[in-house]
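Q: Input: one structure, supplied below.
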Amino acid sequence: MRRAALIAAIGAVAALAAPAARADYAVLRSGQRLHITGYETLGATVRLTIAGGSVEIPADQLDHVEPEEIFVSAPAVAPAHATPYAGEIAAAALRYGLDPLLVTAVIAAESNFDARAVSPRLACGLMQLRPEVVAQYRVANVFDPRENIEAGTQYLKELLDRYGQNLSLALAAYNAGPDRVVQYGGVPPFPETLAYVRRVTEKYSQSEIKQ
């Protein structure tokens, strides 16, 4: 089902009044729900239109589209405070079954959205991938936002699975390394790691409240 005609009609009257538009939720087979403003079937894939861009997923990952109430459509131009790399974040989060808000919170804490960031420990890019993580996920260009977010999100997903979806442990391992979590039997007592876990979880919680 396509919404091109509806979107075109809304655009035609935009200058006259604040138009009403439909919003939907794409419900994935994993149970994840993604807020969308449109979608299009492209053979074996589905293109979902989201805030900040669009993302394509395999058609068999989409269970159904759930309609939401009528809402006042957003302006055509994204606001200045729109999250950087929203499309890349949404694509990776969908692929690995994570909340895009969590990935966004990690990027904000790691690099403050600086794709060229390099730490003293040689962690690089948006998600501050350490050299061993770059090698593990065969990242060709660690400073490419799409590649960096893809690998970082996959790594975070695997850490969450490893620690039974315990976010604090997964974040501690992301920051200090899984060996340190094993060594201390939990979150390592390093001031940097403790502050990092607190910073990401607080930002993530605040983002969820705003939704």
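The values are calculated or read from the model by the stated rules, or taken from the named source; none is laboratory data. As the structure is a computational prediction, the values presented were derived from the model and not from experiment. Cβ placement follows ideal geometry from the backbone for every residue including glycine, while neighbour counts extend to all protein chains displayed.
Q: Kindly indicate whether Val181 is buried (at least 16 other Cβ atoms within 10 Å of the Cβ), of a type outside the set (Ser, Thr, Tyr) and in contact with a strand residue (DSSP E or B) (Cβ under 6 Å, 6 or more places away or on another chain).
A: No, not satisfied.
Q: If you go through the stretch 71-87 one residue at a time, do you hit one that is more than 16 Å from the chain's Cα centre (by Cα), part of a strand (DSSP E or B) and modelled with pLDDT of 80 or more?
A: no
Q: Determine the pairs where a residue that is within 16 Å of Pro84 (Cα to Cα) and assigned by TED's automatic domain parsing to the domain that holds Glu110, located within the stretch 141-154, has a partner that is of a type in the set (Lys, Arg) and not in a helix (DSSP H, G or I) with Cβ atoms under 7 Å apart, the partner being 6 or more residues away or on another chain.
A: Phe143/Arg116
Q: Select from the stretch 145-179 the residues that are part of a helix (DSSP H, G or I) and of a type in the set (Phe, Trp, Tyr) and list them in ascending order.
A: Listed by number, the residues that qualify are Tyr155, Tyr174.
Q: Sticking with this structure for a sec: Given the criterion closer than 21 Å to Ala82 by Cα, over 14 Å from the mean Cα position of the chain (by Cα) and touching a residue at least 40 places away in the same chain (Cβ under 8 Å), identify the matching residue among Arg116, Arg199.
A: Arg199
Q: Give the stretch 138-162 a look and list any residue that's buried (at least 17 other Cβ atoms within 10 Å of the Cβ) and farther than 17 Å from Val103 by Cα, or say none.
A: The one that is buried (at least 17 other Cβ atoms within 10 Å of the Cβ) and farther than 17 Å from Val103 by Cα: Val139.
Q: Could you grab me the full set of residues in the stretch 47-65 that are at pLDDT 75 or above and assigned to a strand (DSSP E or B)?
A: Those that are at pLDDT 75 or above and assigned to a strand (DSSP E or B): Arg47, Leu48, Thr49, Val55, Glu56, Ile57, Pro58, Leu62, Asp63, His64, Val65.
Q: Turning to a different aspect of this structure: How many of the residues in the stretch 143-192 are within 22 Å of Leu94 (Cβ to Cβ) and within 18 Å of the chain's Cα centre (by Cα)?
A: Residues flagged as within 22 Å of Leu94 (Cβ to Cβ) and within 18 Å of the chain's Cα centre (by Cα) within the stretch 143-192 amount to 23.
Q: Same structure, new question: Any residue at all in the stretch 98-113 that's within 27 Å of Gln61 (Cβ to Cβ), β-branched (Val, Ile, Thr) and part of a loop (DSSP other than H, G, I, E, B)?
A: no
Q: Within the stretch 97-116, can you find the residues that are crowded, with 18+ Cβ neighbours inside 10 Å and in contact with a Ser or Thr (Cβ under 8 Å, 6 or more places away or on another chain)?
A: Leu98, Leu101, Val103, Thr104, Ala105
Q: Tell me the residue from Gln128, Gln165 that is buried (at least 23 other Cβ atoms within 10 Å of the Cβ) and on the phi > 0 side of the Ramachandran plot, please.
A: Gln128
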